[in-house]
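Q: Starting off with a structure, shown below.
Only the coordinates and a few stated rules stand behind these numbers; no lab work does. Computed from a predicted model, the values in this text were never measured in an experiment. Positions of Cβ are generated from backbone atoms using ideal geometry, with glycine treated the same way; all protein chains shown enter the neighbour counts.
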Amino acid sequence: MALASLLVLLALAGYALLCMASPFADCRKCRGLGYKVVLDRKDRPKRDKPCRRCKGRGKRLRIGRRLHNHSRAVHHAGTR
């Protein structure tokens, strides 16, 4: 039981370090391209509309970083 909880804590610490080092990840919908890829009439890939999820940037904020930013904002608002 202690080993399992230690492994969970290590995994959470690793994810926290990942969120600090690299807060952005590739968008899951467009795979980091920033636009949808469609095929033209000759079956060649072509750039289409910008991705709606990432608004054409190709990156998204990680969940852990979003939680960190929110908790910082709540702490800042509570200690004024």
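Q: Hey, can you tell me all the residues within the range 1-41 that are among the hydroxyl-bearing types (Ser, Thr, Tyr) and touching a Gly at 6+ places or on another chain (Cβ under 7 Å)?
A: 15, 35
Q: Name the single residue, out of those in the range 9-31 being among the small types (Gly, Ala, Ser) and part of a helix (DSSP H, G or I), that is nearest to residue 65 (Cα to Cα).
A: Only one residue fits best here, namely 16.
Q: Which residues, taken from the range 32-69, are outside any strand (DSSP E or B) and farther than 30 Å from residue 16 by Cα?
A: Those that are outside any strand (DSSP E or B) and farther than 30 Å from residue 16 by Cα: 40, 41, 42, 43, 44.
Q: Under the condition of being touching a residue at least 12 places away in the same chain (Cβ under 8 Å) and among the aliphatic types (A, V, I, L, M), which residue from the range 21-46 is farthest from residue 60 (Cα to Cα)?
A: 33
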